[in-house]
Amino acid sequence: MAGSIEVSVIIPTYNRRELVQRALRSVLAQTRRVDEVIVVDDGSTDGTGEALAAAFGDRIVYLRQSNAGVSAARNRGLALARGRYLALLDSDDEWLPEKTRLQCEFLDANLDFGMVLCDVERVDAAGRVIDVLSRRAALPVDGFILGHVLRDPALVPASVLMRRTVYERIGGFDESLATGEDLDFHLRVAREFPIGVIAQPLVRALRCHDGLSSLARTYDDYLGVMRRAVADATPLVDADERNSALAIAYRRTAVSYTHLRAHETKANLVCRLLLEK
């Protein structure tokens, strides 16, 4: 039983000793208290455990596991969390102070909704805002929005607050996916539950560092996720919408792959010129 624990947050981390401390400080600074903070260390070798023990003590639950990937780390935290509401935060991201309060108020007022998202400020390593991911641009209404999610399944895990019943019904993240597990999770939630949006930035997400989004295997994972999601949506979304969503996925993949190949070609040319000097 969750008992008096209202909100739990799960933070997976791997060799981000300084960044995870920033993420934790943003959780502890929420205007609505987060009752349970679970950090799952996915085999860090940079002294993360010792640093967190010194900085936060028993204010957090710290778990260490052999390196198994972010999905396994999130799933371990989700399985142990006791809150009525469950939140996710990657260790390189941070919450703005009103996130928990505003999202809890939304779910408290909309008892049939399973999950609520928010806008995200995407920042560089110096903390400068690059852009804002507006969820209303892709998800124009609240409710059963699977058709919209199929067209744009992007999900920043740090933007999520969900009811425990969501996790109990659909399970955690697909550990067989090297990338794209967040998109898959978003699509599975959208099949089963109404989703809402707080249309203001409540999260700051770090971009352009050590993420996986630029790797070529991302495109294979993405298309696999989308093909499965479109097939699973057959009884819920009409054929024209499903076909359109799949066409968008293939077009998006083709454009991204072309950009990746162009970047690799440019990099190879620079290396060759340097070697010829």
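Within 16 Å of the chain's Cα centre (by Cα), touching a residue at least 24 places away in the same chain (Cβ under 8 Å), crowded, with 17+ Cβ neighbours inside 10 Å and over 23 Å from residue 71 (Cβ atoms): which single residue out of 181, 121 fits that description?
Checking each option against the conditions leaves just 121.
Out of the residues in the range 196-210 meeting the condition of being out of contact with any Phe, Trp or Tyr (no Cβ under 7 Å at 6 or more places or on another chain) and at pLDDT 95 or above, tell me which one is most open to solvent (accessible area, probe 1.4 Å).
Filtering the range 196-210 for residues that are out of contact with any Phe, Trp or Tyr (no Cβ under 7 Å at 6 or more places or on another chain) and at pLDDT 95 or above, the one most open to solvent (accessible area, probe 1.4 Å) comes out as 200.
Any residue in the range 80-87 that is within 14 Å of the chain's Cα centre (by Cα), closer than 19 Å to residue 11 by Cα, of a type in the set (A, V, I, L, M) and surrounded by 18 or more Cβ atoms within 10 Å (Cβ to Cβ)?
Yes: the range 80-87 contains one or more residues that are within 14 Å of the chain's Cα centre (by Cα), closer than 19 Å to residue 11 by Cα, of a type in the set (A, V, I, L, M) and surrounded by 18 or more Cβ atoms within 10 Å (Cβ to Cβ).
Count, please, the residues in the range 232-250 that happen to be open to solvent by 60 Å² or more (accessible area, probe 1.4 Å) and within 24 Å of the chain's Cα centre (by Cα).
So the answer is 2.
Pick out, from the range 1-107, the strands (runs of 3 or more DSSP E) lying fully within it that include 1 or more residues that are without any contact (Cβ under 8 Å) to a residue 60 or more places away in the chain.
Of the strands (runs of 3 or more DSSP E) lying wholly inside the range 1-107, those with at least 1 residues that are without any contact (Cβ under 8 Å) to a residue 60 or more places away in the chain span 36-41, 61-64.
Quick one: how many residues across the range 124-148 are open to solvent by less than 20 Å² (accessible area, probe 1.4 Å) and in a strand (DSSP E or B)?
1
Residue by residue through the range 149-168, note down the ones that are touching a residue at least 40 places away in the same chain (Cβ under 8 Å) and assigned to a helix (DSSP H, G or I).
Of everything in the range 149-168, those that are touching a residue at least 40 places away in the same chain (Cβ under 8 Å) and assigned to a helix (DSSP H, G or I) turn out to be 149, 150, 151, 157, 158, 159, 164, 165, 166, 167.
Test each condition in (1) of a type in the set (D, E, K, R); (2) at pLDDT 95 or above; (3) over 19 Å from residue 76 (Cβ atoms); (4) surrounded by 20 or more Cβ atoms within 10 Å (Cβ to Cβ) for residue 221 and report the one that comes out false.
For residue 221, the exception is condition (2).
For residue 69, indicate whether it is of a type outside the set (Asp, Glu), open to solvent by less than 70 Å² (accessible area, probe 1.4 Å) and out of contact with any Leu (no Cβ under 8 Å at 6 or more places or on another chain).
So residue 69 fits the description; yes.
Considering 147, 172, 69, which residue is of a type outside the set (A, V, I, L, M) and at positive phi?
After ruling out the rest, the residue left standing is 69.
The values are calculated or read from the model by the stated rules, or taken from the named source; none is laboratory data. These figures come from a predicted structure and were not determined experimentally. Virtual Cβ from ideal backbone geometry, glycine too; neighbours counted across all protein chains shown. In case anyone asks, the SASA skips ligands and DNA or RNA and just uses the protein heavy atoms, side chains included. Shrake-Rupley method; radii C 1.70, N 1.55, O 1.52, S 1.80 Å.
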